[in-house]
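The structure under discussion appears below in the form of structure tokens.
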Amino acid sequence: MCGLSLSAMSSSAARLTGQSSAPFAWKAKWIAAPWGTERDGAEADGSRPMPIFRREFLLKAKPTKAELRIVGLGQWQASLGNARGVRSVAPPGLHGAWTDYRKTVTFDTIDATSMVDKGRDVLAVMLGNGMYNVQRTELPGVLPRGQRYTKFAASFGAPELIAQLDVRYPDGSREIISTDQSWKVERGPVVFDSTYGGEDYDARHEPNGWRMPAFDDAAWGTAQVVDGPGGELTPAIAPAVGQHETYAPVKQADLGNGRVVYDLGQNFAGIVRIRVQGPTGAIVRLIPGELLNPDGTVTQATFHGPMWWSYTLRGDKAGETWEPLFGYCGFRYMQVEWTPGPGMAAAKSGVTPPRGKLLSLLGIAQHSDSPDVGRFESSNEMLNRIHAVIVAAMHNNEVSLLTDCPEREKLGWLEQTHLQAPGLMFNNNLQTLLQADDRNMMDAQKPDGIVPTLAPQYTQFGPKNAVFDDSPEWGSASVLEPWWAYSFYGDRKELGRDYPMMQRYVAALESKAVDGIVAYGLGDWYDIGPGAPGFEKNTTLGVTATLMLYEDALAMTHIANLLGRPDDAAKYDALATKTASAFNRRFWDASHGWYDRGSQTANAMPLALGIVPVERRPEVLAHIVADIHSHSDHVTTGEVGYPYLLRALARGGRDDVILPMMLRKDPPSYGSQLEAGATSLTEAWDANPHSSQDHFMLGSAEEWFYRRLGGMDIDLWRNAPAERLTVRPVALRGVDWVHCVFDSALGKVQSNWKRDGEVVRYTVTVPTLSTVVLPEGATAQNGLHALRSSGGQAVFQVEAGTWQFILQQR
């Protein structure tokens, strides 16, 4: 076997521990390849090819404890080798968190005790560029202009490494093996690496046995000690990005001339593992895509530029196994072809390039190891399929932060983190992933308090397109995402850490208000109206941004009270009241009985947020329902307005309007995406083939599934214990049964109901004192009596356990 297959390298003993709060005394130095400091020529950034490092050392005895702390910028793979073989120090996956490396650099802590032994051992490391070194991909003499896609070009410097192995012996003595000038470095087999453009691996350039002791590295260079990027070395915050689901091809099409397209059946974020056989120097190119062209070839229209992985064979007769080391991509289809090697004019001369044989191909999903905590099922297959595509898009955008899409941008656009949070957190425990997002937002915050649309802010769009750098619907994630996280996880320390960031952002946003109205930004992005999707069309600029200020102030009122800051709470309460009044003055249209121009977003957001005066609420709700019906039960909101639309309808008891919207199969709808063959949620309501096929920004149905059909309300900020967990399932006609499970911070919650004719039977399991709210007339089968019945509801207070109820529907 040649080339590198992570699965072939033992890693069962590796255990990422991370998250240590204890301070760590680093003896190690940052190191880089010596050619990484050159400022001219093709290797000016030290990554063509990527460097490989090794350090051989002698252990006097079998250690009782060996702990490795390591980070390679941008990405890294590492192994320990000795007489027992080579073991990867971490399970396969994408190692190296994406941060603003000038402020924060997170390292992994690994228990390596089982991987080292008495005698000679080797710590070997390969580096990838990641987001640390995003290169131009049209360097003259290296790559023709525009040959490989990149979203942007920006670099923190040449790839760097810091690592420290702390060893404790049976006699109590200790030893440290750390990165310094004693390490050896060489140009490795990864000859091209780009987060956006892909990876090229030449197995002929991988030194045989370099990960093992006794390898002759005399001809290798000496690593250069460098300053490092400047960021604080911090224990890992986000969970590891591991390998998860696998996808074997479900069909394939031979296009001739050595080209075969494989359909893996699912649009996912990850890589492929291949096994090939062929002559030395044969090159297999792997071209991923989310969709196909009419002629059956893979299209990369949603990528906005060419991207591929390639592997150059060493020529092992037994075959070679390989998978990309340092990147990932969103795709469903894979086009495999054999290409001419460097310097070959095969395409022009008609000479067939040397070809090998593809023995196998397997898709491997790579996403956050955040634990699964929820499950939703219903009798309605359409709802189940909608749930499935949302969860797929969610997972596909979970790396060391939440991204917008895994194919063309891979950036931490912030609006999704708060707009979708109350649905997404039912599926996975996102506590530490959101904490990593919080750290990125703190690092990205500007001196004036503004939090940009991206965190980390790897690229800026101004001055020409500065609107994409600062928008209240995005920046308000700095307040609302931590607040939603607290509602689910109850971590007051994290709330306290985030509080200064929140204060500064709200002050900055308030300073931009004119007569209480904040009128700038992206607005209700991707709403449905005339023209191409993008900037809002149906709602006046200022509606969504002002309501973000209101919601921020409302959240800050609760947060300040929780943190024991009553004066702050009073200030934010006054700001919320002032902003609500300004909004009502500016946007209420008494002649029509609606807000602004009567769009779904303009009416739903104030209704969901509770600032519509009580006497106006029925009229505003009626306008929302009428507008939906006038559009044949279709949504017209963009990503900002949609979650509030569902909340407003649910709050008004109009789930009967939501269900037909969910079940539409013509655009714009979830069903139209499914009809178009989507297996993950798409960016545009109509599954536009030029937009991303893998966004979770329209995934607010998840919140409705869990919070309304399943009835699960988690509000850990509430003072009364029975109010922190409320189960209020909606047994909606058109759905015969629902099964919902959530492993909450309080314990496991289950909510099941089933309709049998006119009788609905509910089974609710709660881990602690809770409240169950059912339609009036519901009775508990064990004789439990309702605390009260009013407003059409029966309210029960239940202890931990399983409770059954029955309702005769009228």
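A few notes on this one:
- Boolean, ARG385 is within 22 Å of ASN267 (Cα to Cα), assigned to a loop (DSSP other than H, G, I, E, B) and open to solvent by 10 Å² or more (accessible area, probe 1.4 Å): no
- Among the candidates ARG755, ARG707, residue that is modelled with pLDDT of 95 or more and over 23 Å from the mean Cα position of the chain (by Cα): ARG755
- Counted residues, the range 240-273 - those being out of contact with any Gly (no Cβ under 7 Å at 6 or more places or on another chain) and open to solvent by less than 20 Å² (accessible area, probe 1.4 Å): 2
- Residue within the range 65-84 that is surrounded by fewer than 23 Cβ atoms within 10 Å (Cβ to Cβ), at pLDDT below 95 and of a type outside the set (Lys, Arg) present: yes
- Residues in the range 648-669 that are among the basic types (Lys, Arg) and assigned to a loop (DSSP other than H, G, I, E, B): ARG654, ARG664, LYS665.
- Residue that is under 25 Å from GLY81 (Cα atoms), modelled with pLDDT of 95 or more and under 32 Å from the mean Cα position of the chain (by Cα), where the choices are PRO170, PRO189, PRO249: PRO189
- Residue under evaluation SER471, criteria (1) closer than 28 Å to ILE517 by Cα; (2) modelled with pLDDT under 95; (3) open to solvent by less than 30 Å² (accessible area, probe 1.4 Å), criterion not met: (2)
So that you can scan it fast, the table gives a plain yes or no per residue for (1) open to solvent by 30 Å² or more (accessible area, probe 1.4 Å); (2) in a loop (DSSP other than H, G, I, E, B):
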| residue | (1), (2) |
| --- | --- |
| ARG136 | yes, yes |
| ILE162 | no, no |
| VAL167 | no, no |
| SER182 | yes, yes |
| VAL185 | no, no |
| ALA238 | no, yes |
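- Wholly within the range 520-628, helices (runs of 4 or more DSSP H) carrying at least 3 residues that are surrounded by fewer than 23 Cβ atoms within 10 Å (Cβ to Cβ): 543-562, 566-587
- Of the candidates PRO406, PRO447, the single residue that is more than 18 Å from GLU639 (Cβ to Cβ) and at pLDDT 95 or above is PRO447.
- The condition (being open to solvent by 10 Å² or more (accessible area, probe 1.4 Å), charged (D, E, K, R) and over 24 Å from ARG565 (Cα atoms)) is satisfied by just one residue among LYS446, LYS410: LYS446.
- Qualifying residue in the range 707-725 (condition: crowded, with 24+ Cβ neighbours inside 10 Å and over 27 Å from ALA392 (Cβ atoms)): yes
- Scan of the range 299-329 for residues that are in contact with a Gly (Cβ under 6 Å, 6 or more places away or on another chain), in a strand (DSSP E or B) and not hydroxyl-bearing (Ser, Thr, Tyr), ordered by number: TRP308, TRP309, GLU320, TRP322
- ALA219 falls short of the stated requirement of being under 27 Å from the mean Cα position of the chain (by Cα) and within 29 Å of ASN82 (Cα to Cα).
- Restricting ASP736, ASP743 to those that are at pLDDT 95 or above, touching a Ser or Thr at 6+ places or on another chain (Cβ under 8 Å) and open to solvent by 20 Å² or more (accessible area, probe 1.4 Å) reduces the list to ASP736.
The values are calculated or read from the model by the stated rules, or taken from the named source; none is laboratory data. Bear in mind that the values here come from a model prediction, so they are computed numbers and not experimental data. FYI the Cβ positions are ideal-geometry reconstructions off the backbone, even for glycines, and counts take in every protein chain you see. Quick note on the areas: whole protein, heavy atoms, side chains included, nothing else; ligands and nucleic acids left out. Shrake-Rupley method; radii C 1.70, N 1.55, O 1.52, S 1.80 Å.
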